[in-house]
Every structure is written in C-alpha cells, then in structure tokens.
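Written below as structure tokens is the structure these notes are about.
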Amino acid sequence: MYYEKILRPLFFRLESERAHELGVEGMALLGRLTPLCRLLEFAHRLPAAARRPVTCFGLQFPNAVGLAAGFDKNAQAWPAAAAMGFGHVEIGTVTHLRQPGNDRPRVFRYPPQEAVINRMGFNNQGAEAVASRLARMPGPGQRRIPLGINLGKSKVAPLDQAVTDYLGSFARLADHADYLVLNVSSPNTPDLRRLQDEDRLRELLGAVSAANRERAARPGKVRKPLLLKIAPDLTFGQIDSVLAVIAEFGLDGIIATNTTLARPGFFASVSESGGLSGAPLRRRSTEIVNYIARATHGRLPIIGVGGVTDAASAAEKLDAGATLVQLYTGLIYRGPFFAADLAHALADRQRG
C-alpha cells in the first residue's frame with residue numbers, strides 16, 4: 001500500500017525507462033548490502049509449515065514466483081532477488097553481440113489497464129560482458145535461488161546465421177547459468193519470431209542441444225536445463241509443432257508466454273508498436289499454459305508468464321498447469337516486494 005500510494009506516483013512522474021533504470025540501480029545497490037539482503041530474506045521467508053519448495057528440471061526453487069527476463073538485462077541486480085521474495089530470477093535477454101536496442105522512447109505505461117508496451121529491442125551489453133560480470137559473482141551451487149539466463153538473437157545477425165549467434169552466447173554463458181532459455185518470441189527484433197517455424201526451430205534446438213551434450217561430456221561440466229520461450233500469438237496448431245520439436249530434442253521446459261502484438265479492448269486505439277504485457281495478456285497466456293499442459297499430459301514443465309498482478313492471476317496459471325510463474329510488469333504496479341507478498345498468498349492458498 002505504501003508503494004502504491006506514495007512511491008509509485010513518484011516513479012510514474014519519471015519517463016518509463018528512466019524509472020526502470022533507477023529500479024535496477026536500487027536493486028543492484030541492495031544486492032551489495034549482503035547483511036541487509038539476508039535480513040530481508042529472513043523477514044520474507046515463509047513459515048516452516050507453509051514451505052513447499054518446487055523441484056523442476058533438476059533444480060529446487062524455494063517458492064514458485066520468479067522475476068522474468070527483461071528487468072535485469074545485464075546481470076547487475078539479480079543478487080537481491082531472494083531478498084525481495086523471489087524464488088528464482090531470469091536475467092537477459094542477452095545477445096551474442098552488444099547492442100543498444102531500439103530508439104527511445106521505447107517503454108510506455110498504461111496505469112488504468114496495468115499494462116506496458118515496450119519495444120526495447122534486446123538492449124544489453126552482450127554475452128562477453130555479462131559472462132565477465134557473472135564470473136565475479138556467486139556461481140551455480142552457491143546462490144540463494146536459481147538463476148536463469150535468457151538468450152536472444154543479435155539484431156545484426158541474419159536469420160540464416162541465427163544458430164551460430166545463439167551458439168556463441170551459449171558457449172560464453174552456460175557455465176554461469178542454473179538454466180538457459182532460448183528466446184525466439186520477442187516481437188521487437190526483426191524476423192526473430194520466424195525461429196518458431198518448425199524447420200528453423202528444429203535447426204536451432206538441435207544445434208544448441210548438441211552443444212549442451214558436448215559441453216556436459218567435458219570433465220567437471222554438467223548438462224544445463226534448456227527451455228524455450230514462446231509467443232502468445234501462436235495458434236494452437238503452431239504450438240503443437242513447437243511441442244513436437246521440443247519433444248524431439250528433449251528440452252526441459254517451456255516458458256509461456258512473451259509479450260503480445262495483439263491489441264485487445266482499449267489498446268485497439270493505441271498506436272505505439274511493440275509487445276504488450278501486463279493484465280491484458282493474462283487470459284491468453286493462461287489459455288496457452290493450459291493448452292500445453294493438456295497437450296503434454298503435464299509432463300513438460302511450464303513457467304507461466306503474462307498478467308501476474310495478484311494472487312488470483314498467479315494461482316490461475318498454476319491451476320492451469322504451470323509449475324512456476326514469473327512476473328515483471330506486476331512489479332512495476334505492485335512494488336519491489338510484490339513477489340514476497342505473492343509467495344505468502346500462494347502458500348496460504350495451498351494451506352487453505
């Protein structure tokens with residue numbers, strides 16, 4: 001309530017991306033204050049009777065609520081995620097090459113609709129810089145919560161060189177990840193979503209899966225869980241094709257979904273281009289989560305993303321078949337400790 005009544009109005013006076021940058025800087029500062037992080041983590045810890053850690057693709061998550069990719073693009077802020085109540089955090093999207101992203105302004109808030117449109121364009125410092133930063137931070141097995149790394153295609157890489165581009169990022173970042181995500185679904189990189197086409201997806205997943213196996217064969221290395229992040233704008237027939245390719249190469253899970261190009265309701269008259277996130281995406285992303293869960297008979301772990309703005313919307317995705325949920329836009333509208341509140345609400349719901 002303090003955030004929504006006092007702090008949010010102050011943040012919302014700032015240009016959207018500047019507010020985001022301040023949020024990252026604040027979280028990064030918190031992450032450097034280790035004693036304060038441990039104190040906040042203890043304060044947000046679920047009561048012993050309510051703790052139900054989630055085991056998924058070989059990892060243990062203290063709760064089901066994660067921070068989605070898009071917030072911490074350059075691995076600067078994630079060490080504070082556990083203190084804020086998150087059960088996992090996903091950084092990125094990281095591309096092989098450093099890139100500035102699209103021109104500003106490129107993020108637009110719609111408070112009455114609890115929504116955001118962004119056309120950031122994978123702005124990040126590149127895989128080499130992110131790997132170098134992660135090498136100076138706690139690694140796999142030393143972290144408070146699992147860390148996922150979301151990989152995307154560099155804008156300058158032509159579609160026929162996309163596989164090589166992803167492999168370059170994989171080679172630099174796999175050692176630092178608890179799990180990896182192939183993002184082929186952002187609407188803000190030209191032609192990226194064409195990688196969801198069956199033939200192109202088969203080529204990409206085949207190559208990265210092979211690299212993952214080859215890496216695991218080396219002394220001291222282990223295979224990393226590999227997930228795919230899909231768009232909410234796919235038809236169910238297209239999703240069936242994606243699931244067939246996922247099964248063919250034995251991926252460990254799927255993230256449903258990215259932002260949407262659809263413009264429902266109020267947004268039909270909005271001219272800003274980019275991906276729509278937040279409450280307007282809730283229904284469609286939950287439909288896709290449920291479709292995937294039924295199509296795979298619950299055997300493929302699903303991370304549900306899109307419109308998680310309260311306990312009901314998070315529970316809806318878990319009930320639809322998701323194993324974990326992620327949020328980002330909800331953080332903008334609910335404040336920095338929304339994840340902790342959500343984890344407690346979900347625990348109370350389970351006990352009830």
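Quick one: work out the % antiparallel among DSSP beta bridges in segment 196-320, nearest 5.
Once the DSSP bridges in segment 196-320 are tallied, antiparallel ones form about 10 percent.
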(message) How would 235, 93 line up from fewest to most surrounding beta-carbon atoms within 10 angstrom?
(response) 235, 93
(message) Taking R0 as 22 Å, what FRET efficiency do you get between residue 48 and residue 312 from their Cβ-Cβ distance, rounded to the nearest 0.05?
(response) 0.30
(request) Mind checking the full-extension length gain between residue 175 and residue 216? Use 0.36 nm per residue of separation minus the Cα-Cα distance, one decimal, nm. (result) 13.7 nm
(message) Of 48, 323, 337, which is farthest towards the positive pole of the chain's charge dipole, taken about the Cα centre with +1 and -1 on the beta-carbons of Lys, Arg and Asp, Glu respectively?
(response) 48
(request) Give me the net charge of residue 200's neighbourhood, meaning all other residues with Cβ under 12 Å from the Cβ of residue 200; Lys, Arg count +1, Asp, Glu -1. (result) -2
(request) Provide the percentage of antiparallel DSSP beta bridges, counting only those with both residues in segment 28-156; round to the nearest 5. (result) 55
(message) Can you give me the distance in nm between label points at residue 3 and residue 345, each placed 7 Å from the Cα along the Cα-to-Cβ direction?
(response) 1.1
(message) Just want the answer: with Cβ charges of +1 for Lys and Arg and -1 for Asp and Glu, which residue in 173, 122, 255 is farthest toward the dipole's positive end in the chain?
(response) 173
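Compute the length gained on full extension between residue 113 and residue 136: take 0.36 nm times their separation in residues and subtract their Cα-Cα distance, giving the result in nm to one decimal.
Going from the current span to full extension adds 4.3 nm.
Cut-off is 10 Å between beta-carbons; in what order do 221, 5, 73 appear when sorted fewest neighbours first?
By the 10 Å Cβ count, ascending: 5, 221, 73.
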(request) Report the extension gain between residue 161 and residue 36 in nm, rounded to one decimal, defined as 0.36 nm multiplied by the number of residues separating them, less their alpha carbon distance. (result) 40.5 nm
(request) Please report, in debye to the nearest 20, how large the charge dipole of the chain is about its Cα centre when each Lys and Arg carries +1 at its beta carbon and each Asp and Glu carries -1 there. (result) 760
(request) Sum -39500 (n - 2.57) across every DSSP H segment of at least 4 residues in the chain, then divide by the residue count to get the 222 nm mean residue ellipticity, nearest 500. (result) -11500 deg cm²/dmol
(message) Strictly greater than 40 Å: what percent of every Cα pair in segment 2-351 meets that?
(response) 5
(request) Could you pull the Rg and Dmax for segment 84-235, using just the Cα atoms, both in Å? (result) 15.9, 54
(request) Compare 154, 277, 16 in a GNM of the chain, Cα atoms joined below 10 Å, and give the one with the largest fluctuation. (result) 16
(message) Quick check on the chain: of the DSSP beta bridges with both residues there, what percent are antiparallel, nearest 5%?
(response) 30
(request) Towards the positive end of the charge dipole of the chain, with charges on Cβ (+1 Lys, Arg; -1 Asp, Glu), say which of 91, 186, 36 has the farthest Cα. (result) 36
(message) Test of understanding: ordering 167, 22 by Cβ neighbours within 10 Å, fewest first, what list do you get?
(response) 22, 167
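Readers should treat all values here as calculations from the given coordinates under stated rules, not as data from a laboratory. Computed from a prediction, not measured in an experiment: that's the story for all the values here. A quick note on method: Cβ atoms are made from the backbone with ideal geometry, for glycine too, and the neighbour counts reach across all protein chains shown.
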